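Trainee: Sharing a structure, written as structure tokens. Questions coming.
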Amino acid sequence: MSLEKTLRSLLGDDKVSTSYLERTAYSHDLAPIPRNIMWLFNNLPDIVVRLRTLEDVVAVLRLANKFKVAVTPRGSATWGYGGAVPTVGGILLDLRGLNKIVSFDEDQGLLTVQCGVVWKDIIDFLQKTSWDLPVYPSSAPSSTVGAFAATGGFGYGSLEHGSLVENIVSITIILPTGEKTVVGPDSGWVTLKQLLGSEGTLCVFGELTLKLAPKMPSTASFLAYFGRLGNAVEVANDLACRTRPFSLILRAFGFVRGQERKGLFGLEDAESGAIIYGYYTGMPGEVNESLNTFDEMTVDKGGVVRPREEADFEWNERFYPLRIKKLGPTVLTSDVVVPSNRLSEMIQYVWQLAHDASMDVEIETIWTSQDEVLFFPLFLSDERRTLKYLSHSAITKKLIDRAIAMGGRSYGYGLWNSFHFTASEPSRRKEFIKMKELLDPNGILNRGKTLTARTRLGLPLPKVLYAGFMETLWLLGRWF
Amino acid sequence: MIDALLSKLQREDAFACAQCGYCVKWCPVYDRSGWESASPRGKVFLLKKMLENNGSSLLTSNPRIASEFVQRLFDCTTCGRCTEECHLELDLLDLWFRLRELAVRQGLAPQSVGLMEKALLASRNVFGMDSQSRTDWATYTGAEVKVQDKADIVYFVGCVTSYSGRSQGIAQSITGILNHVGENWSIMHEEWCCGHPLAVSGATERYREIAEHNVRNIEHMHAKVVVSGCPGCCLALREEYPRILGRELNFKVVHFTQLLDQYVTEGRLHIPELHATTTYHDPCELARLGGVVDEPRRVLRSFVKKFVEPEESGSIGRCCGSGGLLKATNSAMSGDLAEKRSAMLQRTGADIITSACPSCDQNLAEALSKFQDSKRVQDLAELVAQQIGLT
């Protein structure tokens, strides 16, 4: 029996599609792929399957191993690195149907959910309980728990509670061979840390048990405007150390397109300054004290503390950083992790890149710890201007290169950033290769991602070729 | 073809869509189907692919793919929830209408659309019934109907209320209440279908002549206000006619719940208390698209013992599945959506489920009849008239 027929008999006709229209709808993620590059990959899945149970995942992976067909797991596809985009066709697993809250232990604050549960649904579910989510992504209204766990797990709440890795108790995983097993702190043969952030290449997360944070009696949002970006960075860094908010965000705007500025311009030249905003949780006295510190530090550095209702508004808008896209209409970005003490330097570099490419840019920075920030500049471009867009896309390489040079790293790799894995995290990559060989002998799961960018011909794209191509694009973009 | 029909802004929007998927989980059709191509995000992505391929190649080059895409366009209740959820504020609803127009012009629309258009234009009602029998509801229900040359208020009855036996009680109730409060009102001498079904189906070619007829007749009656119990008719008269005719109209258009609210607030209508727990289903075209959310609630709260809100209500109300011509193009899907909404309404524990749209009332009633221990669905106008003792 053919693969398609077997899948249909296993899952039912209404859960399997080979329609061209459907496969096209699943052939992408958040980031538009430059057409001139995409021919290298076969991003059109051959078959899309919608799964509803862990047993479905087990059955499909077993079958894929038998047929040696590539499998791409997909949540809501809200990442922009190609992690959920096929490179060699194959089977695409739509995991959003695994969307049940499995159990809630209110005494212990433990919540077990299936991988397709959307973060915002958990936030809503917990509203009437005495627990909160310790960490969740900026795309919480649509992104799924499994996908966030597979892609790094830094987000709102990380400053206070760490990454998702630190807030997961156990996971039921399905290995590429179709074996189902539970991984917890005492699993022995593999650690949660090894699997979380593995970008769907080592296993599919089936069910995850999250350790919740106790709901605190007092919460408050805060917001300040700064005319000088440098002061905003200074205050935010101090704030992260002295008051430890639940979340702390800095946003700056560098609208430079059409301006005749020449040469490097620094933090003081950015015309629109910056805002910092965030959220405190804690005991009433604690939160008040933190707010007082915030007020004092802001005023001391020439900032303006905004009223609480404005702060609430900004905090409630935290899921919408992509609003700016309407001005693009395309946004180019790459999330990088940067040491917080080098943030000013990084921002200056981004201003320079934006200036050189005549691109507008908005910078979003989330503090993930006292020492590190998740930095994602949103460069505005236009994918309809094919060559220009292609040259603009080189900006992501430059951004990651600089982050690595500063002691930071790429936040994730997927398809497009896989070239940076060695330079970013050499020892983790070595370990990753061993794990991949061990767990996925047929190399079916998320083939051609994270470790290499494998083309449709089965050959990895050489890093030197990628680097040379990107740098050439960048230079050509400047000249023309 | 796409270039000609879509505005520059709409073509931009297809590229501006962040593909964030925030709209996806709220789309009732996606919720039922589960396939990406059924979701607003999926459809925008497919449109973008067409635009990248210089216009309509996907729609024209492969008939099978084209028909599949068009099916997705018509598997939509045009409830507007996607527009409400879009944080980039893209007007997706208008985009769906324009794409349906494109499908109609290319002869790709479902057969039921063509049949509806033909029937509507021939008989001036959406059912293709005898136009002479449009006011027979008055005879059937015994309503005291006024037909005057001039009136302050024109009651625009609408096709569903006029012709559908289950909905004629709404017309009876509305006319009864208008008489009860002593309004100077009238129905039209010759009411035609408002044309809203043409607008939502994309068969807009002859919409203008319908709008012209209705507006000319209403303006001849020197009416200050046009009232309807049908949110679709209200949208047509208030939003679509001025756009089609390119001018402001000389009358105000309100839904009957707005008039009811005014009567209650002004003390012109006293409704005896109803000892029952009641909930309210927001018709999408009244609440989300028409902005009428508080008025029906104020009316209900003024006389029911207990009012309970269902989940997903107000401007984020869950569609019952009757909109966007879905009942005609995919009745099974429409029925499934109605069952889902009915279950939400049942969960409120209310004794009575009210709404304010003849199509919603019907779809919900059909779905609720499948539940054991099902609740009553009544239009708010009917409930009020019944409480006052007018019906």
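Please treat every number below as a calculation from the coordinates, not as lab data. Predicted model, so just to flag it, every value in this text is computed and none were measured. Every residue, glycine among them, receives a Cβ derived from its backbone with ideal geometry; neighbour counts consider all protein chains shown.
Trainee: How big is the Kirkwood radius of the range B:2-109, worked out from every pair of different alpha carbons and given in Å to one decimal?
Mentor: Averaging 1/r across every pair of different Cα atoms and inverting gives 13.7 Å.
Trainee: Have a look at the DSSP beta bridges in chain A and tell me what percent are antiparallel, nearest 5. Present the calculation step by step, with values, prior to reporting the outcome.
Mentor: On the way: 65 of 75 bridges.
Within chain A, antiparallel bridges account for around 85 percent of the total.
Trainee: Set the Förster distance to 41 Å, then compute FRET efficiency between A:Asp356 and A:Asp13 from the Cβ-Cβ distance, nearest 0.05.
Mentor: The value I calculate is 0.15.
Trainee: Which log10 I(q)/I(0) values does the protein assembly as shown give at q = 0.07 Å⁻¹ under the Debye formula, counting every alpha carbon as one identical point scatterer?
Mentor: For the protein assembly as shown at q = 0.07 Å⁻¹, log10 I(q)/I(0) is -0.62.
Trainee: Counting each DSSP H run of 4 or more residues in chain B as -39500 (n - 2.57), what helix-only mean residue ellipticity at 222 nm follows after dividing by all residues, to the nearest 500 deg cm²/dmol?
Mentor: Helix-only estimate at 222 nm: -14000 deg cm²/dmol.
Trainee: Can I ask one more? Of A:Thr450, B:Gln362, A:Phe41, which is farthest along the charge dipole of the protein assembly as shown in the positive direction, counting Lys and Arg as +1 and Asp and Glu as -1 at C-beta?
Mentor: A:Phe41
Trainee: Using only Cα atoms, locate the centre of the range A:280-297 and the centre of the range A:1-68, then give the distance between them in Å, rounded to an integer.
Mentor: Spelled out, the Cα-based centre of one part sits 50 Å from the other.
Trainee: Could you tell me the center-to-center distance, by alpha carbons, between the range A:387-431 and the range A:102-177 in angstrom?
Mentor: What the calculation gives is 27 Å, centre to centre.
Trainee: Same structure, new question: Filter the chymotrypsin sites (Phe, Trp or Tyr not before Pro) in the range A:184-252 down to the DSSP loop ones having no more than 16 other Cβ atoms within 10 Å, then list what survives.
Mentor: Here the sparse-neighbourhood loop sites are A:Trp189.
Trainee: Further question on the same structure: Quick one: Karplus J couplings for the range B:310-327, per residue in order, coefficients 6.51, -1.76, 1.60, θ = phi - 60°, nearest Hz, x for Gly and Pro?
Mentor: 3J(HN,Hα) across the range B:310-327, in whole Hz: x, 5, 6, 10, x, 6, 10, x, 7, 5, 8, x, 8, x, x, 6, 4, 4.
Trainee: Looking at the range A:360-453 from every direction and averaging, what is the projected area of its Cα convex hull in nm²?
Mentor: For the range A:360-453, averaging the hull's shadow over all directions gives 7.7 nm².
Trainee: Still on this structure: If you plug each phi of the range A:83-98 into the Karplus form 6.51 cos²θ - 1.76 cosθ + 1.60 with θ = phi - 60°, what whole-Hz ³J(HN,Hα) values come out, in order, with x for Gly and Pro?
Mentor: Per residue, the Karplus-derived 3J(HN,Hα) values read x, 9, 9, x, 10, 9, x, x, 9, 9, 9, 8, 9, 5, x, 8 Hz.
Trainee: As a test, work out the antiparallel percent of DSSP beta bridges whose residues both lie in the protein assembly as shown, rounded to the nearest 5. Could the numbers behind the result be given before it?
Mentor: Numbers: 65 of 96 bridges.
Taking every DSSP beta bridge within the protein assembly as shown, about 70 percent pair in antiparallel fashion.
Trainee: Taking a quarter of the surface of the convex hull around the Cα atoms of the range B:117-261, what do you get in nm²? Intermediate results must be reported in sequence, preceding the final value.
Mentor: Numbers: hull surface 31.4 nm².
Taking the Cα atoms of the range B:117-261, their convex hull projects to 7.9 nm² on average.
Trainee: Then there's this: How many angstrom lie between the Cα centre of the range A:443-480 and the Cα centre of the range B:326-391?
Mentor: Taking the Cα centre of the range B:326-391 as reference, the centre of the range A:443-480 is 57 Å away.
Trainee: Test of understanding: given chain B, find the longest segment containing no GluC sites (Glu not before Pro) that are in a DSSP loop and have at most 13 other Cβ atoms within 10 Å.
Mentor: On the way: sites that count: B:Glu89, B:Glu144, B:Glu190, B:Glu205, B:Glu248, B:Glu266, B:Glu273, B:Glu311.
With GluC sites (Glu not before Pro) excluded where exposed in loops, chain B gives B:1-88 as its longest stretch.
Trainee: Got the relative contact order for the range B:117-261 handy, in percent, Cα pairs under 8 Å and 6 or more residues apart? Numbers along the way, then the final one.
Mentor: Working: 219 pairs, mean separation 36.6, N = 145.
Here the relative contact order equals 25 percent.
Trainee: Can I get the semi-axes of chain A's equivalent ellipsoid? Compute them from the C-alpha gyration tensor as square roots of 5 times the eigenvalues, in angstrom, largest first.
Mentor: Listed largest to smallest, the semi-axes of chain A are 36, 29, 18 Å.
Trainee: Give the long-range amide H neighbours of B:Ser355: residues separated by 5 or more places, or on another chain, with amide H under 5 Å away, using H modelled in the peptide plane at 1.01 Å from N.
Mentor: The answer is B:His281, B:Gln378, B:Asp379, B:Leu380.
Trainee: Calculated FRET efficiency, A:Val182 and A:Leu327, Cβ-Cβ r, R0 35 Å, to nearest 0.05?
Mentor: With R0 = 35 Å, the Cβ-Cβ based efficiency is 0.15.
Trainee: Then there is this: Pairwise over distinct Cα atoms, reciprocal of the mean inverse distance: report the Kirkwood radius of the range A:279-373 in Å, one decimal place.
Mentor: Taking the inverse mean of 1/r over all distinct Cα pairs, the range A:279-373 comes out at 16.1 Å.
Trainee: Percent of alpha carbon pairs in the range A:101-214 separated by more than 25 Å?
Mentor: In whole percent, the long-distance tail amounts to 14.
Trainee: Given the -39500 (n - 2.57) contribution per DSSP H run of 4+ residues, what per-residue ellipticity at 222 nm results for chain A, rounded to the nearest 500 deg cm²/dmol?
Mentor: Theoretical 222 nm ellipticity from helices: -10000 deg cm²/dmol.
Trainee: Karplus couplings for the range B:258-263 from phi (6.51 cos²θ - 1.76 cosθ + 1.60, θ = phi - 60°), rounded to Hz, Gly and Pro as x?
Mentor: Per-residue couplings from phi come out as 5, 5, 4, 4, 5, 4 Hz.
Trainee: OK, next. Apply the a/c threshold of 1.5 to the C-alpha gyration tensor of the range A:28-143 and tell me whether it is rounded, prolate or oblate.
Mentor: Verdict is oblate for the range A:28-143.
Trainee: Let me ask something else. Under 5 Å between amide H atoms, partner at least 5 residues away or on a different chain: which partners does A:Val88 have, H built in plane at 1.01 Å?
Mentor: Excluding prolines and chain starts, which carry no amide H, the hits are A:Asn42.
Trainee: Sorting B:Arg124, B:Arg216, A:Arg62 on the 10 Å Cβ count, fewest up front, what's the list?
Mentor: Ranked by crowding around the Cβ, least crowded first: B:Arg216, A:Arg62, B:Arg124.
Trainee: Rounded to a whole number of µm²/s, how large is the Stokes-Einstein D of the range A:84-160 at 20 °C and 1.002 mPa s, given Rh as the Kirkwood radius over C-alpha pairs?
Mentor: D = 158 µm²/s.
Trainee: Here is a follow-up. Across chain A, where is the longest run that never hits GluC sites (Glu not before Pro) in a DSSP loop with at most 12 other C-beta atoms within 10 Å?
Mentor: A:318-480
Trainee: For the range A:112-139, list residues with backbone N below 14 Å from a point placed 7 Å from the Cα of A:Lys211 toward its Cβ?
Mentor: A:134-135
Trainee: To the nearest 0.05, how large is the calculated FRET efficiency for B:Leu5 and A:Glu310 if R₀ is 56 Å and r is the Cβ-Cβ distance? Don't skip to the end; give the middle numbers.
Mentor: Values: r = 41 Å, r/R0 = 0.74.
Computed FRET efficiency for B:Leu5 and A:Glu310: 0.85.
Trainee: Right, another one. Throw me the Rg/Rh for the range A:268-319, computed over C-alpha atoms with Kirkwood Rh, two decimals. Could you put the intermediate results ahead of the total?
Mentor: Numbers: Rg = 12.6 Å, Rh = 12.5 Å.
For the range A:268-319, the value is 1.01.
Trainee: Among B:Cys86, B:Leu6, B:Ala66, which residue has its Cα positioned farthest towards the positive end of the charge dipole of the range B:2-109, with +1 placed on the Cβ of Lys and Arg, -1 on the Cβ of Asp and Glu, and the dipole taken about the Cα centre?
Mentor: B:Ala66
Trainee: Assuming 0.36 nm per residue, please report the length gained on full extension of the stretch B:Glu273 to B:Glu311 beyond their Cα-Cα distance.
Mentor: Details: separation 38, 0.36 × 38 = 13.68 nm, distance 2.50 nm.
The span from B:Glu273 to B:Glu311 would gain 11.2 nm if fully extended.
Trainee: How big is the charge dipole of chain B about its Cα centre, in debye rounded to the nearest 20, if each Lys and Arg gets +1 on its Cβ and each Asp and Glu gets -1 on its Cβ?
Mentor: 520 debye
Trainee: If you don't mind, there's one more thing I want to ask. Report, by chain and number, residues whose modeled amide H sits under 5 Å from the one on B:Val253, excluding near sequence neighbours (fewer than 5 apart, same chain).
Mentor: Placed amide hydrogens put B:Val226 under 5 Å from B:Val253.
Trainee: Once every Cα of the range A:95-135 carries one equal point scatterer and solvent is ignored, give the base-10 log of I(q)/I(0) from the Debye formula at q = 0.14, 0.28, 0.29, 0.35 Å⁻¹, two decimals.
Mentor: -0.29, -1.05, -1.11, -1.32
Trainee: Might you report the magnitude of the Cβ-based charge dipole of the protein assembly as shown about its Cα centre, with Lys and Arg at +1 and Asp and Glu at -1, to the nearest 20 debye?
Mentor: 2540 debye
Trainee: Give me Rg/Rg_expected for chain B, where Rg uses Cα atoms only and Rg_expected = 2.2 N^0.38 Å with N residues.
Mentor: In units of the 2.2 N^0.38 Å rule of thumb, it is 0.98.
Trainee: Compute the Rg/Rh shape ratio of the range A:45-106: radius of gyration over Kirkwood radius, all on alpha-carbon atoms.
Mentor: Across the range A:45-106, the Cα-based Rg/Rh ratio is 1.04.
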